[in-house]
Every structure is written in structure tokens, then in C-alpha cells.
Amino acid sequence: MATAAKFAGAEREKLFAQLEVPFDPAQVKWRIMRSSNDGRSGLVLPFADPRAYTDRLNQLFTPAGWTREYTISTVPSLTRVDRGKVVVTSKVLVATAVTITRLGSHVGTGEEWADRENAVTAADAQAFKRACSCFGLGRYLYSFGETWVNLNRRGEPVALPVLPEWALPPGVTVQPTTGSAVDLHGPVDHKLTASIEGFRSMLGVDIYAEILRRAGHSKDARTIPNADRQRNVVEWMQAAARGFERLHGLVEIAGDARFIAAMDNLKLATTTCLPSLAALKQLIDELESISGQQVA
């Protein structure tokens with residue numbers, strides 16, 4: 001049986017762009033990942049229900065245009081500590097393959113402790129979302145940095161973060177809620193704005209934009225909402241700058257031939273415009289490994 005022809009280049013790019021559009025804010029929820037020792041604040045990250053993913057796939061490809069298949073396995077006889085008690089349990093592992101007709105297939109994996117409620121459902125949801133992110137669907141949700149909010153006595157957020165502009169679909173805006181502890185506007189420090197903009201040429205446009213997005217919740221240094229967030233952005237950029245200083249030192253130690261080999265191995269074209277902070281770290285790790293071998 002002949003397989004259907006792949007989408008043409010322009011059509012593929014259009015579909016990938018449509019897959020990458022952020023979800024409607026009403027479909028995005030926030031989960032407390034961990035709390036401070038005193039229980040007064042919590043680290044929150046956004047997520048979307050699996051139904052938001054299936055709705056987008058059905059909208060773009062119809063229910064007959066994509067499939068998902070999953071396999072379940074377990075790792076038995078494991079122990080973990082829960083609230084000071086040792087629990088003997090196992091872990092549920094799920095591998096989910098999402099296939100879009102004429103576009104391709106990707107596999108994601110998920111896991112959950114077997115003694116927790118709805119363990120298989122939770123592991124499958126994680127695997128499904130990870131597979132979808134390989135197509136660009138929901139990938140933006142992995143770009144959020146750490147955001148801490150105040151918690152009430154019941155351990156619930158007093159106010160939820162406001163989604164930044166880059167995490168909204170075109171034409172959608174969200175107004176900050178009264179009393180929100182995140183993204184309150186003003187005052188800003190214009191010296192910090194200038195300092196932030198000065199990092200652009202040093203870090204390259206991609207890493208510069210990534211830090212603005214993740215630490216500043218903004219696409220432009222001039223629209224970062226307050227001085228606290230500005231200082232956070234500066235700290236991120238200073239750390240990235242130190243990473244580049246470390247990189248340049250390692251290049252001198254490794255030599256041109258080994259440096260070029262490391263770049264080729266990571267499929268990087270130039271250090272003047274690395275695509276992400278993750279790529280910077282990978283390159284540093286690669287060169288540190290080479291330098292360690294030379295010393296040995």
C-alpha cells in the first residue's frame with residue numbers, strides 16, 4: 001500500500017506555524033511545583049490539559065488525520081520518601097507515539113509513581129504532550145522561567161501570573177489582575193534598560209531574545225514591566241556573558257581543530273549567534289570534556 005506524499009515545503013511550514021501558536025489563555029492553568037520552607041510562596045509553572053492539544057490537532061488535521069499509540073511498562077520494587085515515610089512502590093512508564101498523516105511521527109515518554117492516583121493517565125498525558133512538542137505544539141510552555149507567587153493559608157496562589165505577550169495567540173491580550181504579585185507595572189529603571197540592551201551584541205540575538213522572554217516576559221527591553229524584573233534579566237544576561245567568557249577561554253585551550261570538531265558535532269555554525277542558552281551550555285560541556293582529556 002502506497003504511503004501518502006508528504007506536505008510540500010511551504011505547506012509544511014504553514015502547518016508548523018499553526019501548531020506553534022500558543023493556546024487560548026482560558027486553556028492554560030498553573031501548577032504549584034514546590035513551596036518555600038515557610039509555605040508562604042510557591043513556584044508555579046503553566047500547563048494545558050491534553051484536550052487542548054487534541055482540539056488543535058483535530059482542528060488542523062481532522063480526527064482522521066492523526067493518531068496516537070502508547071505502550072505501558074513498569075519498573076517494580078522501587079522506594080521513595082513521601083512526607084518522611086518510606087514508600088515501597090513501582091513506577092509507571094508510558095511511551096506515546098503521535099503520528100500526523102503526511103507530516104511525520106514523534107514519540108514522547110512519561111512516568112509517574114504507581115501508588116499515586118491516576119498514575120497511568122498522568123504518565124500518558126506527559127508523554128502525549130512531549131510528543132506533540134516535537135511538532136511545535138505546546139512547546140512554548142517549556143520556555144517559562146521560574147515564577148514565585150504568594151500562597152494563602154490553604155497553600156493556594158493569592159494571585160496567578162499574567163501570561164506574557166509572547167505566550168498569547170495573535171490578537172489576544174490579557175489584563176493584569178488586581179493584586180497580582182507578578183508583572184505589576186512600574187517603576188522601571190532606564191539605566192537598567194540601557195544595560196540590558198547593551199548585551200544584545202555580546203550574547204547574539206537568539207540568546208538575548210530568549211532571556212528577555214524567559215526572565216523578562218517581554219520581547220523588548222523597553223517593555224519589561226518593572227525594575228525587579230529588569231534586575232532579574234540583567235542577572236541572567238550577566239550569567240550568560242560569563243558563559244561566553246568561559247567558552248572563549250576553552251576555545252583557546254582546545255585549539256582550532258578540536259573547536260571546529262565540537263561545533264560540527266553539535267551542528268552549530270558560529271559562536272557569534274548561538275541559538276539558545278542550552279546550546280551554549282552544550283558547547284561549553286563539550287569543550288570542557290576535550291580540555292579535560294588534554295590535561296589527562
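Every residue, every condition in (1) at pLDDT below 90; (2) loosely packed, with under 15 Cβ neighbours inside 10 Å; (3) over 23 Å from GLY110 (Cβ atoms), yes or no:
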residue: ALA5; (1), (2), (3): yes, yes, yes
residue: ALA52; (1), (2), (3): no, no, no
residue: LYS85; (1), (2), (3): yes, yes, yes
residue: VAL88; (1), (2), (3): yes, yes, no
- Query: Which one of VAL81, VAL86, VAL75 is touching an Asp or Glu at 6+ places or on another chain (Cβ under 9 Å) and assigned to a strand (DSSP E or B)?
  - Reply: VAL75
- Message: Against the conditions (1) surrounded by 15 or more Cβ atoms within 10 Å (Cβ to Cβ); (2) at pLDDT 95 or above; (3) not basic (Lys, Arg), where does TRP113 fall short? Just the number, please.
- Response: (2)
- Could you check how many residues of region 133-163 are more than 13 Å from LEU45 (Cα to Cα), in contact with a Pro (Cβ under 9 Å, 6 or more places away or on another chain) and buried (at least 20 other Cβ atoms within 10 Å of the Cβ)? 1
- Note on the structure: A careful count of residues in region 15-31 that are exposed (fewer than 15 other Cβ atoms within 10 Å of the Cβ) and over 17 Å from the mean Cα position of the chain (by Cα) gives 5
- Message: Contact list please: Cβ distance under 7 Å, first residue in region 116-139 and under 30 Å from ASP82 (Cα atoms), second residue in a helix (DSSP H, G or I) and among the hydroxyl-bearing types (Ser, Thr, Tyr), pairs at least six apart or on different chains.
- Response: PHE128/TYR53; LYS129/TYR53
- Message: Within region 143-164, does at least one residue satisfy the condition of being among the aliphatic types (A, V, I, L, M), at pLDDT 90 or above and not in a loop (DSSP other than H, G, I, E, B)?
- Response: no
- Message: Please go through region 237-279 and give me each residue that is touching a residue at least 60 places away in the same chain (Cβ under 8 Å), surrounded by 15 or more Cβ atoms within 10 Å (Cβ to Cβ) and assigned to a helix (DSSP H, G or I), ordered by number.
- Response: LEU277
- Subset of region 194-213, residues part of a helix (DSSP H, G or I), crowded, with 19+ Cβ neighbours inside 10 Å and not aliphatic (A, V, I, L, M), comes to TYR208, GLU210, ARG213
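One line per residue, one yes/no per condition, for (1) within 30 Å of ILE207 (Cβ to Cβ); (2) touching a strand residue (DSSP E or B) at 6+ places or on another chain (Cβ under 6 Å); (3) assigned to a strand (DSSP E or B):
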residue: ASP38; (1), (2), (3): no, no, no
residue: PHE47; (1), (2), (3): yes, yes, yes
residue: TYR70; (1), (2), (3): no, yes, yes
residue: ALA97; (1), (2), (3): no, yes, yes
residue: GLU112; (1), (2), (3): no, yes, yes
residue: ASP115; (1), (2), (3): no, yes, no
residue: ARG130; (1), (2), (3): yes, yes, no
residue: PHE135; (1), (2), (3): yes, no, no
residue: TYR140; (1), (2), (3): yes, no, no
- For region 166-188 the number of residues that are modelled with pLDDT of 85 or more and surrounded by 13 or more Cβ atoms within 10 Å (Cβ to Cβ) is 3
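Could you pull out the residue among ARG34, ARG80, ARG12, ARG56 that is basic (Lys, Arg), at pLDDT 90 or above and either surrounded by 14 or more Cβ atoms within 10 Å (Cβ to Cβ) or within 30 Å of ALA114 (Cα to Cα) (or both)?
Values: ARG34 fails: at pLDDT 90 or above; ARG80 fails: at pLDDT 90 or above; ARG12 fails: at pLDDT 90 or above.
ARG56 is the lone residue from the list that is basic (Lys, Arg), at pLDDT 90 or above and either surrounded by 14 or more Cβ atoms within 10 Å (Cβ to Cβ) or within 30 Å of ALA114 (Cα to Cα) (or both).
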- In this structure, does ARG102 turn out to be in contact with a Gly (Cβ under 9 Å, 6 or more places away or on another chain), surrounded by 14 or more Cβ atoms within 10 Å (Cβ to Cβ), modelled with pLDDT under 95 and not in a strand (DSSP E or B)? yes
- Taking THR96 and the conditions (1) within 24 Å of the chain's Cα centre (by Cα); (2) at pLDDT below 95, which numbered condition does it fall short on, given that it satisfies the others? (2)
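The values are calculated or read from the model by the stated rules, or taken from the named source; none is laboratory data. Quick caveat: nothing in here was measured; it's all calculated off a predicted structure. Ideal geometry is used to build each Cβ from the backbone, glycine not excepted, and the neighbour counts take in all protein chains shown.
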